[in-house]
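A.B. asks: Can you read through this structure? Questions will come right after.
The values are calculated or read from the model by the stated rules, or taken from the named source; none is laboratory data. Note that the structure is a prediction, hence the values are computed from the model and not measured. Cβ placement follows ideal geometry from the backbone for every residue including glycine, while neighbour counts extend to all protein chains displayed.
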């Protein structure tokens, strides 16, 4: 347990004072009613029990930030990183700023931010491994890196960039509210280190000394309705009507005169020139998700058509099932699903801990997606195996596996869509995400069946017409979603407007190429379906067009998302600088706080070292030493 020094200054000690019953969001401040508490229950920290002496132990605590006082010295960052022994590229607390005005009426507003230990922590609900806990003690949201398997979903859903995914270790860690210091009556390390008395800490809504405001928002702070964060602000100085970020995010904050609040809106930092940006587009960190979603949705679409066609006795599909192309198609579907699942699993920081993805079926859409996809894959394997036999019993068992596969398809497909409906990522939080996933199943699933049918001579006019119509329907669904998405995002008062701006400028040529190819693909699909256009050449060209549009569209889906996160500085917490440092080698300088993404590279030696504690090379050396005596 941390020891309190005899000469501990007063500003480092927790206040003892009366608190309110509810906070500004209407939530109870008392985390456990007194009549429900276990009397004299010890709180164990660092394997040492601390008796119940703090009268505020079961009350929600939070940070107070006085923006008038912050001088941007970063002492809070340094104290936090020193206490938690963080590497240079991680910071649980960071200081960013926004600026407004021109000389001589120029203004900077600093913001120091860590985890806000929210009333409704979306990180806890989203984490598939149950690495998060909302503690009754102090209302702290704690996270265990040892349980985490490095999927990073908590970093997606958090509006404040509090969970930190270590690109080297492949695990997440975050601010723990310094609960060990709280137990002995000390404020968190960052608060005790603050030079300007800008940071304070205590029971939420208890106004610190010399404070006049306890606001829930200031310019640059993301929306609070998602999680109800436990942080309060004071900012009395008059600000400019527009406060801009100095990082590369194309967002500024504009004051709404009717409410007095600042809303995010577009700040076109990079002009309006269109570019291809193939390197950034195709070199995305999320390429594993691109491969997984495209391959699995393709197989799901094909499986749905096959099983539904067999059950309703749709003649073009029943004739295909009776052809020589049927079993090869099932084999290709198994291979595609396996490759997609392998790519996704190796994208985890700790791939060998993949089974932990089932831990949070109660709340996490990721766990539910994993469960659904597992059921689908199991159904597909059983369905494919019993397709080898031609008897009544095999047909009955195959029907059972088909039912399991369809149930997994429905569950996995729905939560594959649901997990991207993240309020903290406005670009994804739109029904177009679901439309795109359904369209991929229709277009690429239909084309997969068509390609196998042509390869084994099973294509006929009826099948060509049906598949081309399905593909055309998929393109129409995709196009309708894209039009609605663009219509809703362009005028949005959120980071979604910045995503749309990047889509039409930084990746503008790639974006319009995808749109143009979709129009060509629709015309071609309709020509095959209704004008008897040469089906072999038409389907080959259609497959090429829609594979290209699928890859471009899905990579755009991942690279364009701009989260509702805290503003950074010129270098620190600036994605543009991080990308630049990795490209030119500045990331080799540890003091810059940039690390290369290493954890998702699949290396056998590294995997064995993770599992067994030593690398493959060291194991061979040990074996040689043993053999040679």
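A.B. asks: Exactly one of these conditions fails for residue 559: (1) farther than 28 Å from residue 149 by Cβ; (2) modelled with pLDDT of 90 or more. Give me its number.
C.D. replies: (1)
A.B. asks: Is one or more of the residues making up the stretch 68-87 modelled with pLDDT under 95, in a strand (DSSP E or B), assigned by TED's automatic domain parsing to the domain that holds residue 185 and surrounded by 23 or more Cβ atoms within 10 Å (Cβ to Cβ)?
C.D. replies: No, that holds for no residue.
A.B. asks: Tell me the helices (runs of 4 or more DSSP H) entirely within the stretch 244-344 that contain at least 1 residues that are touching a residue at least 40 places away in the same chain (Cβ under 8 Å) and over 23 Å from the mean Cα position of the chain (by Cα).
C.D. replies: It comes to 287-311, 315-321.
A.B. asks: In a loop (DSSP other than H, G, I, E, B), modelled with pLDDT under 80 and surrounded by 11 or more Cβ atoms within 10 Å (Cβ to Cβ): is that true of residue 52 in this structure?
C.D. replies: Criteria met by residue 52.
A.B. asks: Moving on. Are any residues in the stretch 506-559 surrounded by fewer than 21 Cβ atoms within 10 Å (Cβ to Cβ) and not in a helix (DSSP H, G or I), and if so, which ones?
C.D. replies: 531, 532, 533, 534
A.B. asks: Could you list all residues from the stretch 487-505 that are outside any helix (DSSP H, G or I) and either out of contact with any strand residue (DSSP E or B) (no Cβ under 8 Å at 6 or more places or on another chain) or without any contact (Cβ under 8 Å) to a residue 60 or more places away in the chain (or both)?
C.D. replies: The answer is 490, 491, 492, 505.
A.B. asks: I've got another one for you. Does at least one position in the stretch 264-278 carry a residue that is surrounded by fewer than 20 Cβ atoms within 10 Å (Cβ to Cβ), at pLDDT below 95 and in contact with a strand residue (DSSP E or B) (Cβ under 6 Å, 6 or more places away or on another chain)?
C.D. replies: yes
A.B. asks: Same structure, new question: Criterion first (surrounded by fewer than 22 Cβ atoms within 10 Å (Cβ to Cβ), assigned by TED's automatic domain parsing to the domain that holds residue 294 and touching a helix residue (DSSP H, G or I) at 6+ places or on another chain (Cβ under 6 Å)) does residue 587 satisfy it?
C.D. replies: Criteria not met by residue 587.
A.B. asks: Just one of 383, 427 is part of a helix (DSSP H, G or I), out of contact with any strand residue (DSSP E or B) (no Cβ under 7 Å at 6 or more places or on another chain) and touching a residue at least 24 places away in the same chain (Cβ under 8 Å); which is it?
C.D. replies: Going through 383, 427 in turn, the sole match is 383.
A.B. asks: Examine the stretch 405-414 for a residue that is touching a residue at least 24 places away in the same chain (Cβ under 8 Å), closer than 30 Å to residue 490 by Cβ and either in the same structural domain as residue 445 (by TED's automatic domain parsing) or surrounded by fewer than 19 Cβ atoms within 10 Å (Cβ to Cβ) (or both), and state whether such a residue exists.
C.D. replies: Yes, there is a match, as at least one residue in the stretch 405-414 is touching a residue at least 24 places away in the same chain (Cβ under 8 Å), closer than 30 Å to residue 490 by Cβ and either in the same structural domain as residue 445 (by TED's automatic domain parsing) or surrounded by fewer than 19 Cβ atoms within 10 Å (Cβ to Cβ) (or both).
A.B. asks: Here's something else I'd like to know. Does the stretch 41-48 include one or more residues that are under 26 Å from residue 120 (Cβ atoms), touching a strand residue (DSSP E or B) at 6+ places or on another chain (Cβ under 7 Å), assigned by TED's automatic domain parsing to the domain that holds residue 114 and at pLDDT below 85?
C.D. replies: So far as the stretch 41-48 goes, yes, one or more of its residues are under 26 Å from residue 120 (Cβ atoms), touching a strand residue (DSSP E or B) at 6+ places or on another chain (Cβ under 7 Å), assigned by TED's automatic domain parsing to the domain that holds residue 114 and at pLDDT below 85.
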